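All remarks here apply to the structure that follows.
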Amino acid sequence: MSSIRERNTALILRAASEEFAEKGFAATKTSDIAAKAGLPKPNVYYYFKSKENLYREVLESIIAPILQASTPFNPLGKPNEVLSAYIHAKVRISRDLPFASKVFASEIMHGAPHLSAEQVEQLNAQARHNIACIQSWIDSGQIAPIDPHHLMFSIWAATQTYADFDWQIASVTGKAKLDDADYAAATQTILRLVLKGCAPDA
């Protein structure tokens, strides 16, 4: 029974991510989510109770890996290793969870109306921690004296764009869909730009 529940909730979450990403929260219909999941509409309410709860579950499904991606940040860690691990993780999120990433980006752009105060604080606290680590590396001369806030913003933008603007990127590259080689090339490009840019001044 639990396997059926897990299968159905996974189907509904994926379908909801796609619908919310394409149409936004207000325009998305529960019936469309059910149809995309290949399940009866009552199943959506059985597992998630309401569209609002389902939307929040989609957000939670992306917030957890976003927070997990910051695990390597440690003032005692080596900057190149920490930043490399973080960038790899962030590109993987864009590759593996593109629809949930778009939903999250839209939520942030609209002022995070559906995020709880606890979730907002978790995200902000993690960002402050990461920025403090970067500042400690700057203070110790391990990386160049750049603004740590804008370094983080730049990494977010460079990695998140492969989820938010995947259609445009695929169109420009002439592909129907990005493949693993594209994400690998993106990761290596971002790594080179960030790590070379963070190298201590001669």
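Some observations on this one:
- Sorted fewest first by neighbouring Cβ atoms within 10 angstrom, Arg14, Arg5 come out as Arg5, Arg14.
- Averaging the Cα positions of each part gives two centres, and for the stretch 4-36 and the stretch 140-199 these lie 29 Å apart.
- Here the stretch 1-75 is treated with +1 on each Lys and Arg Cβ and -1 on each Asp and Glu Cβ, and its dipole about the Cα centre works out to around 220 debye.
- Proximal charge balance of Arg95 [Cβ under 12 Å; K/R count +1, D/E count -1]: -2
- For the stretch 1-85, with +1 on Lys and Arg beta carbons and -1 on Asp and Glu, the positive-most of Ser31, Thr9, Pro72 along the dipole: Ser31
- The alpha carbon gyration tensor of the stretch 45-121 gives principal lengths a ≥ b ≥ c with a/c of 1.5 or higher and a/b greater than b/c, which makes the shape prolate.
- Relative frequency of Cα-Cα separations exceeding 16 Å in the stretch 1-49, percent: 31 percent
- Cα-based shape type of the stretch 78-126, given that a ≥ b ≥ c are square roots of the gyration tensor eigenvalues and the cut on a/c is 1.5: oblate
- Cα-based reach from Lys177 at 18 Å (exclusive), listing lysines while leaving out same-chain residues under 8 positions away: Lys102
- Helix 51-69 and the longest principal axis of the Cα set of the chain meet at an angle near 20°.
- Ranking Gly197, Asn43, Pro113 by how far each Cα lies toward the positive end of the dipole of the chain (charges on Cβ) leaves Asn43 at the top.
- C-alpha long axis of helix 79-96 to longest principal axis of the chain, angle in °: 20 degrees
- Sorted by Cβ density within 10 Å, fewest first, the residues Asp147, Asp180, Asp32: Asp180, Asp147, Asp32
- Relative exposure of Lys90, Lys29, Lys51, judged by other C-beta atoms within 10 Å (fewest first): Lys29, Lys51, Lys90
- Span from the the stretch 55-70 Cα centroid across to the the stretch 71-137 one, whole angstrom: 10 Å
- Between 0 and 90°, nearest 10: helix 180-198 axis offset from the chain longest Cα axis: 30 degrees
- Assuming charge only on the beta carbon of Lys and Arg (+1) and of Asp and Glu (-1), the dipole of the chain about its Cα centre is about 500 debye to the nearest 20.
- From its DSSP helices (H runs of at least four residues, each -39,500 (n - 2.57)), the chain gives a residue-normalised ellipticity at 222 nm of -26000 deg cm²/dmol.
We did not get these values from a lab; they are worked out from the coordinates using the rules stated. On a predicted model such as this, the values are computed, not experimentally measured, just so you know. We place every Cβ from the backbone using ideal geometry, glycine too, and count neighbours over all the protein chains shown.
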